[in-house]
Amino acid sequence: MTSTFHSGNVWVGKLRPLLGRMAVSTVLATACLAIVRPAAAQVTPSGDKGGFTLMAGGTASGYEIGYGQQKLLGVAAIVDTDTTRRFGIEGEARWLMYHQTDGLHVTTWSVGPRYHFTRGKFQYYGKGLIGVGDFTFPYNYAHGSYLVISPGGGVDWRYTRKISFRLADFEYQYWPQFTFGAMNSYGLSAGIRYHIF
């Protein structure tokens, strides 16, 4: 017999489609802004030069989930839109489904601001994401969708002009409306990113 737990707030279930629309809108707006060329009559001082970059990639992740101290492995898809002024937006979808015990697995979709700075071939960054987490309880007993707040940071290493390796990405997840009280999880990821433009 299967039952369903709810977070207590109806809006959490409605947040997932909104995040999807926000991610698509962000990518489209970034693409439109990148296509627009600045007027050539004025010279922008190099310290105030604008511009956008768009990168996408994937990572492998290892997380400790606060529910029963479960250790899960998974994969994530990431998209970063950055400005040359060090600010940007990061979106990620993460599926923690390997090394599961009794069918427990977690999926999260998050988006939020990020701050970055570059030193040589290394780019250091911090991020503050918010999104929705889908949690499947052991033995498929129940399934719930919850608000997830995810601060984190890490370092990328530029291998070529188009390829960067995500050397380390640490993320702390706070699930404030989890069924059995607030839950904390944390994890480490590493992977690769491709510079689209």
### Query
Could you give me the ³J(HN,Hα) list for segment 77-89, computed from phi with Karplus coefficients 6.51, -1.76, 1.60 and θ = phi - 60°, whole Hz, x at Gly and Pro?
10, 10, 9, 10, 10, 10, 9, 6, 8, 6, 10, x, 10
### Message
Please report the carbon-and-sulfur percent of the accessible area for segment 98-170; probe 1.4 Å, protein heavy atoms only, DNA, RNA and ligands left out.
### Response
65 percent
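Provide the per residue accessible area, probe 1.4 Å, for segment 76-197, rounded to a whole number of square angstrom. Could you put the intermediate results ahead of the total?
Working: 5650 Å² over 122 residues.
Heavy-atom SASA per residue in segment 76-197 reads 46 Å².
The values are calculated or read from the model by the stated rules, or taken from the named source; none is laboratory data. Just so we're clear, the structure is a prediction, and the values are computed from it rather than from any experiment. Heads up: the accessible areas ignore ligands, DNA and RNA and are worked out on the full protein's heavy atoms, side chains in. Shrake-Rupley method; radii C 1.70, N 1.55, O 1.52, S 1.80 Å.
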